[in-house]
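Asks: Once you've had a glance at the structure underneath, I'll fire off some questions.
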């Protein structure tokens with residue numbers, strides 16, 4: 001790997017920052033200590049700092065030369081409401097709070113790049129360092145945009161990066177087009193008429209109706225959308241009744257829908273409402289559908305995705321750059337930034353978990369798992385990628 005020597009030399013300092021953040025995780029929109037730490041480091045390195053966007057967001061700005069071109073680099077800062085089972089020294093000191101997705105590492109990699117860029121300024125233009133709150137369900141990216149992120153700090157393109165367990169350290173993954181799916185939730189409330197379970201003909205059984213609706217919803221995926229359009233419709237909850245000898249008045253179905261396009265999401269929502277309402281009506285019941293659009297799909301702009309891949313080629317070699325990497329049905333609020341700015345979202349390999357220090361939990365080193373830990377080997381690699389991306393994008 002072609003790593004930048006100065007970044008390798010100060011890796012231990014950035015690693016200490018990463019582990020400090022890991023030990024003190026903060027949930028969405030509560031990242032005050034993390035934001036203070038980030039702002040303090042940026043200030044120490046002579047970087048212009050702006051705070052308050054998205055609530056607890058931090059933006060650093062580095063300018064050099066005369067070009068008006070600008071690039072945005074984004075890292076997320078929030079943790080998850082998970083009880084960490086690791087026992088190593090930098091484990092979370094808070095109950096039910098954990099950096100189980102590597103946002104501590106994302107912040108550290110961008111800080112490493114920020115330090116190098118501030119010291120050397122190997123570019124002509126402006127670098128906008130975006131430390132974002134509330135990726136985990138809070139749509140912090142949209143909050144920063146709503147607070148004027150790109151009006152106050154114009155960017156010609158914006159890039160994001162996520163560690164990816166399963167990819168080897170030294171490998172990157174990127175694809176043009178959809179990289180991650182949308183995230184949507186639904187709840188269907190079936191209202192019938194309760195009765196004694198021995199006399200079902202005297203009521204309208206919402207459980208029976210809910211089962212018919214649940215079966216019918218799968219036809220949306222298999223028969224309503226184009227076969228080449230990806231979609232997942234998962235019913236994850238069915239609730240009804242309190243005892244065995246009573247037909248209840250209400251049954252509730254809930255779950256998630258994941259797609260790679262807003263058009264497919266809209267199709268699923270429309271068909272879901274029709275199937276639920278007409279199926280209920282056919283059995284003398286009512287169905288009330290609430291469909292909530294959460295994060296949109298994360299869709300890379302092809303030119304920027306290939307640009308990022310070309311930078312990776314120079315660092316790790318083309319054989320270790322997984323172009324057209326398989327998209328995931330997970331979701332990511334960087335999608336909001338890609339809706340308003342050109343750019344790309346990339347994966348950096350986090351390995352299989354062999355890096356974890358003694359005392360780690362027995363679970364796998366996968367995202368959103370209580371045994372997860374970010375691989376500190378990625379700090380110089382990820383920081384080098386950010387720097388090389390800036391150098392190539394803002395070449396003199």
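Asks: Considering only C-alpha atoms, what is the centroid distance from the range 359-381 to the range 95-136, in Å?
Replies: 18
Asks: While we're looking at this one, here's another question. Fewest to most neighbouring Cβ within 10 Å: what's the order for 66, 256?
Replies: The most exposed by this proxy come first: 66, 256.
Asks: Label residue 215 and residue 201 with points 7 Å out from Cα along Cα→Cβ: what is the distance between them in nm?
Replies: 2.2
Asks: Under a no-solvent Debye model with one identical scatterer per Cα of the chain, what's log10 I(q)/I(0) at q = 0.06, 0.12 Å⁻¹?
Replies: Rounded to two decimals, the profile gives -0.28, -0.93.
Asks: Turning to a different aspect of this structure: Placing one identical point scatterer on every Cα of the range 184-293 and ignoring solvent, what is log10 I(q)/I(0) from the Debye formula at q = 0.11, 0.15, 0.18 Å⁻¹?
Replies: Ignoring solvent entirely, the Cα scatterers give -0.35, -0.61, -0.81.
Asks: Arranged by the count of other C-beta atoms within 10 angstrom, fewest first, what order do 22, 201 take? Display every interim value, and only then the final one.
Replies: On the way: 22 26, 201 7.
Ordered by Cβ neighbours within 10 Å, fewest first: 201, 22.
Asks: Sort 151, 87 so that the residue with the fewest other Cβ atoms within 10 Å of its own Cβ comes first and the one with the most comes last. Don't skip to the end; give the middle numbers.
Replies: Numbers: 151 8, 87 11.
With the fewest neighbours first, 151, 87 line up as 151, 87.
Asks: Just need the relative contact order of the chain here, percent rounded to a whole number, with Cα pairs under 8 Å and 6+ apart.
Replies: Numbers: 940 pairs, mean separation 98.3, N = 396.
So the answer I get is 25 percent.
Asks: Using a Debye calculation, one point per C-alpha and no hydration shell, please list log10 I(q)/I(0) for the range 225-288 at q = 0.24, 0.25, 0.30 Å⁻¹ in order.
Replies: Per q value, in the given order, log10 I(q)/I(0) is -1.08, -1.12, -1.27.
Asks: Taking each pair of distinct Cα atoms in the range 38-156 once, what is the resulting Kirkwood hydrodynamic radius in Å?
Replies: Numbers: mean 1/r = 0.0657 Å⁻¹.
For the range 38-156, inverting the mean 1/r across all distinct Cα pairs yields 15.2 Å.
Asks: Starting from the alpha-carbon convex hull of the range 294-396, give the projected area averaged over all orientations, in nm².
Replies: Details: hull surface 32.6 nm².
About 8.2 nm², averaged over all directions.
Asks: Expressed as cubic angstrom per residue, what is the convex hull volume of the alpha carbon set of the range 121-200?
Replies: Working: hull volume 19.2 nm³, N = 80.
That works out to 239 Å³ per residue.
Quick note: the coordinates plus some simple rules give every number you see, no bench work behind them. Treat the numbers as computed from the prediction; the structure is a model and nothing was measured. For neighbour counting, all protein chains shown are included, and Cβ atoms are generated from backbone atoms with ideal geometry for every residue, glycine included.
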